[in-house]
Amino acid sequence: MKIKEFEIKKVNVDQIKFDKTNPNIVTPEQMKGLEKAIKRFGYLVPVVLNKKLQILDGEHRVKAYQKLNIKEIPSYIIDVDKFDGKILRQVMNKLKGTHDPTKDVSEFQLLLKNEKLGDLAKILAIPENRFLEALEVDQHANLAAEEWKDMPEFMQDAEDIYRKVIFTFVTKKDFDKFMKHNQIDYMTDKTKSVRIPYKPKEEIKR
C-alpha cells in the first residue's frame, strides 16, 4: 500500500487562518514552554494546513512562531474536506499514546542526576517538585514491605503495581471521603504509601 507523502512548504504566518472551533487548549504557562522548546530545538513538527491555509494541526505552534516574530514556517498543505479536517485534528490531538510510569521515572532520575530535570520542568510548565514527588513515590513503592513491617493493618501479598498516584488533600473532609471511598480503615503519619487493589471499570460501583 502506498502512503501519501507531502512536501514541506514555507508559509507566511500572516496568511495562516485560525479555526475558532479548535477544542485543543493550552495554558499560558504551556505556551511559554512551547516557545522555549521551539527556541531550543527548532522546527521539529511542521504545522498542517488545508488548501485555504486554515490550521488543521499546530495552532499553538503558529501562535508561538508569531510571538517569536518568525515570518515563515514549515507546513504541510493537504487537500481535505471540512469533515476529514476535523477527523485529522482529533487524531493528531488524541493519538499520542501513554507513558510507562516506570520508564518515566528512569528518565527523571537520569535528568536529575545530570542537573537537567529543571529544563524539562520549565518546558512542560510543570513544577519541578512534581517530578521529584514521582521519584519519591517510586522509591516508597519499592520499599513497601519495609514501610509496612510494623503496620499489620497494611500487610498484603506482593503484587505488581499498576499505577502510582500522589494525592494532596486540602481539607480533612476530603481525606475522610478518600478513605471511605477506597475502604481504607486506618492510616498514620508514618504512612508514605498504600496499595489500593485495582478494579476493572465494570467492577467499580458508583
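What follows draws every value from the coordinates through simple rules; no lab data is involved. Note that the structure is predicted; figures quoted are calculated from it, not measured. As a convention, Cβ positions derive from the backbone with ideal geometry for all residues, glycine included, and neighbour counts pool all protein chains shown.
Could you check the spin-label model distance between Ala37 and Lys86? Points 7 Å from the Cα along Cα→Cβ, value in nm.
Once both label points are built, they end up 2.7 nm from each other.
Tell me which of Leu68, Leu49, Asn22 sits at the most positive position along the dipole axis of region 1-145, charges placed on C-beta atoms (Lys, Arg +1; Asp, Glu -1).
Of the options given, the answer is Leu49.
Using amide H atoms built 1.01 Å from N in the peptide plane, name the residues 5+ places from Ile77, or on other chains, whose amide H lies under 5 Å from its own.
HN-HN under 5 Å from Ile77: Lys9, Leu49.
Residue separation times 0.36 nm, minus the C-alpha to C-alpha distance between Lys173 and Thr27: what's the value?
49.6 nm
Provide the per-residue ³J(HN,Hα) series for region 81-87, in order, calculated from phi with Karplus coefficients 6.51, -1.76, 1.60 and θ = phi - 60°, each as a whole number of Hz, with x at glycine and proline positions.
Karplus values, whole Hz, x for Gly and Pro: 7, 4, 6, 5, x, 6, 4.
Quick one: 3J(HN,Hα) in Hz for region 18-29, Karplus 6.51/-1.76/1.60 with θ = phi - 60°, rounded, Gly and Pro as x.
8, 10, 5, 8, 4, x, 7, 10, 10, 7, x, 5
Beta carbons within 10 angstrom, averaged per residue: use that to sort the peptides 38-46, 102-110, 53-61, highest first.
Per-residue Cβ counts within 10 Å, averaged per peptide and sorted highest first, yield 53-61, 102-110, 38-46.
Quick check on my link table: of Lys17/Lys103; Lys10/Lys67; Lys103/Lys173, which ones sit more than 28 Å apart, alpha carbon to alpha carbon?
Lys17/Lys103; Lys103/Lys173
Starting from the Cα of Phe6, step 7 Å along the direction of its Cβ; do the same at Asn93; then give the gap between the two resulting points in nm.
Going by the 7 Å Cα→Cβ label model, 1.7 nm.
In whole Hz, what ³J(HN,Hα) sequence does region 104-112 give by Karplus (6.51, -1.76, 1.60; θ = phi - 60°), x for Gly and Pro?
With the stated coefficients, region 104-112 comes to 4, 4, 4, 5, 4, 4, 5, 5, 5 Hz.
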